Each structure stands twice: as C-alpha cells, then as structure tokens.
Amino acid sequence: MKILFVVNNYYATGNGLSASARRTVLKLKEAGEEVRVLSGPNHEPGGPQPEYLLRDKHYPVVDYLITANGYCFSTRDPKIIREALSWADVVHIEEPFNLQRRTVRMARKMGVPCVGTHHLHPENLLSAIHMGRWRFLNNCILWFWQASVFDWCRDLQCPTKNVSDRLGRSHFKARLHLISNGIIRGEEAPLPAKKSDGKVFTVICVGRLSVEKDQKTLLKAMRYSRYADRIRLVFAGRGPQASNYRKMADRLVRDGVLKIAPEFKFLDKEGLRQLASEADLYIHCATVEVEGLSCLEILREGVVPILADGPLTATAQFALDDRSVFPVRNAKMLADKIDWWLENDAERHAFEKKYAESVDRYDISQSISDIRRMYEAALKG
C-alpha cells in the first residue's frame, strides 16, 4: 500500500501533531508499508527532507504566534501535490488547513481516497488569542473544517472517545474510527527511582506553555496547598506563555508561598525520562486536549498523575480513579488532590506501578494495526 501523509510541517518540534505523525510513519514503514510525506521543509541543517517538498508559507501579522506554538505552514503548490497524488494509493490528512483543502479536492478528481486524523479542536488555535471560550465562533470553525476537508475523507481517526463523540454530534460524514495515536513502548531499562525523602516533593508539568495547556492553574493551586513550601515545581516545555508563567512563579517565591523557585526547561526524550524518575506527582491542567500523549509518556515511567477533566479535554481518561482528576481551571480542587497524594505515601507508591502498567493499552503497535484496517476500508470505498 502506498500511503501519502500530508502535513504542513512534518518536522516541526514543540507540537504533538507533528511528533505523532512521525511516530505513525515510522511504525507504518516498519510494518512493511510504503509511506511518503508531502510537507514543508525540515529546518534542521543536514536533516532529512520530505519526498514531496513544499515551501514555507508565512503570515506576517501572526507569524510569531504561529512559530511560538510550534507550528509551521507550507504553500500548496498544485504541481507538487499532483505529483504526490499520482504516486499514492491512499492519502492521510493530518490537518484541516489550506494545504489539505487543496489536496482533498485534487485527490477526489484523481480518484485517490483520503482518510484523516482529528488532531486539533478549533479551541486549540483560538485559545492562543484568548477566544477559546467563544463557543459560536469555535463551532463555526469546526463546521468549516468539516465541510472543506473532513467530509471529503472516507474515514477519520478519532484518538479518543471525547473526539469521536464531538464529531458524531456534528454529523461528520466520514466513518469514525476510535484509534489512539499511541506511544512507542520503550525498551530502555527503568531508571533508578529517585523519589523524594518526604522533605521536598517534586511536582512536574510537561507540555507546551500555552493558554489552553493552562499551567497557570497549577501555579494558582500553590496558594492553597499545605505543602507548597516543600514543593519543587518543574515545567518541561516552551511556548508563548513562558514569560507570563515565569512572572507568576517569581511572585509566588516573593510572597513566600514557594521556598523553592520553579524550574522551566525544555527536555529531550531522555531528559523527560530522567525528570519523571525524580517526580512524586505529574499534573496536567489542559482545558483543550485531543489526547495528550505527553501524559502517557510520563505515566509509563510510573508517576501518579492529577489530570484536568472538562468537555474538551480527553486526558482524564487515563486516570484510574477520581483521586487523579480535578475540574478544569479549579485551582483549589487541584491543591486538595495534590495534598492528598503527598500525605498518603503508601497509596501513591502502590499506584505508581498501576499507572505504569495502564499505559500498555495505548501501545502504538495496536494503533498501527487499526490504522492499516482503516486504510483498507477507505480503499474499498
């Protein structure tokens, strides 16, 4: 099977969409499929380039905001798109933007079936300009994506039930398949545990520093926690809200709420594993999250999470019970959950192993098998 992935920038770092696409392509190739990519350029010097290379597309007024959120856009050159489609048996659409709108129309004319993955809610984008709660506008954008891209696909991958339910309520025409994006189960030997001695607790938060990831709720929670003066907060990620969150953190230290200054750093895979080995708790505050694979990567290392639960975030599905869930934006409830887990060492240590084992069901090998069946369904019509 010849599979063409269509991504604005397949090599972008700092966003989960491109990282998920790279993992999926890697595993499809290992499964024996022929896969090529239609995308903008890799900006790493000497790095690999897509088989069908498009030029970058810049938007002068908002370019900084786009790049700060880890995204890149590409042009939609019809000659290159046609060349790519002439090779493909099936097209996998990864985004609902201009490149994909042009591609699905050309694909239909050429008789090449399309499938897609719903990686983004409109709120993921509009939250960056503080319009994530404008329900009518977000619903209009979702309808536009549906009409201009997704309804041109025969099948759609929904990474979580949260996504599947939303697209079902919106009457998407494509067949919906509940398939996790999946994570690659590491073969690395477990790192030696370096949990706290009870004097200082390490609480970590991993992800892009942005409005919808809502790390500010964790910072606010410190004002309610009885253990704040013994907590070492570590934020692993970068993004447009980095400066604001650093200021909030500095204020907590000046006010005497925190005795240990929070750390902000961007880590590679091995660095995240090392950080997880030091962590007592993992906090995920996102108000908008299609799946949250960064959460699974941390749970795999045996860290007890506390996960935000809301209508547009699916990450709470990873929680094993209500003690690991709090309502989105509720800093007081988050602080109560943090305090409970820090007070109950034996229970926390017991659940570390349970959480590590719970990640097995999201192994990417199963996801790849399901995605290949989705391609076969699309080819059959």
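Read-outs: derived from the displayed coordinates by stated rules, not from any lab. Predicted model, so just to flag it, every value in this text is computed and none were measured. Please note: Cβ atoms are built from the backbone with ideal geometry, for glycine as well, and neighbour counts cover all protein chains shown.
Measuring nothing but how far apart in sequence close Cα pairs (under 8 Å, 6+ apart) lie, relative to its length, the chain scores a relative contact order of 15 percent. Summary of the geometry: the range 302-375 and the range 200-256, compared by the centres of their Cα atoms, lie 19 Å apart.
Here the contact order of the range 19-172, divided by its residue count and restricted to Cα pairs under 8 Å and six or more residues apart, works out to 16 percent. Between the listed residues Val163, Val25, Val203, the Cα displaced farthest toward the positive end of the dipole of the chain, a dipole computed from Cβ unit charges relative to the Cα centre, is found at Val163.
Residues considered: Lys29, Lys216, Lys109. Largest GNM mean-square fluctuation over the chain, using C-alpha springs under 10 Å, is found at Lys109. From the Cα gyration tensor of the chain, with a ≥ b ≥ c the square roots of its eigenvalues, which class applies: rounded if a/c is under 1.5, or else prolate if a/b is larger than b/c, or else oblate? Because a/c hits 1.5 or more and a/b exceeds b/c, the chain counts as prolate.
Here's how it looks for Glu34: its modeled amide H is under 5 Å from those of Ile3, which are all 5 or more places away or on a different chain. Since only Thr287, Ala316, Ala276 are under comparison, the one whose Cα sits farthest along the positive direction of the charge dipole of the range 201-361, derived from C-beta charges on Lys, Arg, Asp and Glu, is Thr287. Look at where the Cα atoms of the range 14-77 and of the range 134-162 average out, and the two centres are 21 Å apart. 3J(HN,Hα) along the range 225-232, derived from phi through the Karplus expression 6.51 cos²θ - 1.76 cosθ + 1.60 where θ = phi - 60°, amounts to 7, 6, 10, 4, 6, 10, 9, 9 Hz, with x in place of Gly and Pro. Counting only Cβ charges, +1 for Lys and Arg and -1 for Asp and Glu, the dipole size of the range 1-147 around its Cα centre is about 440 debye.
Between the helical axis of 16-30 and the longest alpha-carbon principal axis of the chain there is an angle of about 60 degrees.
Just how large is the dipole of the chain about the Cα centre, in debye to the nearest 20, putting +1 at every Lys and Arg Cβ and -1 at every Asp and Glu Cβ?
Working: 57 positive and 47 negative charges, 221 e Å.
Using Cβ point charges on Lys, Arg, Asp and Glu, the chain gives about 1060 debye.
How would you classify the range 1-87 from its alpha-carbon gyration tensor, with a ≥ b ≥ c the square roots of the eigenvalues: rounded for a/c under 1.5, else prolate if a/b is greater than b/c, otherwise oblate? Oblate shape, in that a/c is at least 1.5 and b/c is the bigger or equal ratio.
Whole-Hz Karplus values for the range 100-113 come out as 6, 4, 5, 5, 5, 5, 5, 4, 5, 4, 8, x, 9, x Hz, taken residue by residue from phi with 6.51 cos²θ - 1.76 cosθ + 1.60 and θ = phi - 60°; glycine and proline positions read x.
When the charge dipole of the range 201-361 is built from unit charges on Cβ atoms (+1 for Lys and Arg, -1 for Asp and Glu) and taken about the Cα centre, the candidate among Asn344, Tyr227, Leu299 whose Cα reaches farthest toward its positive end is Tyr227.
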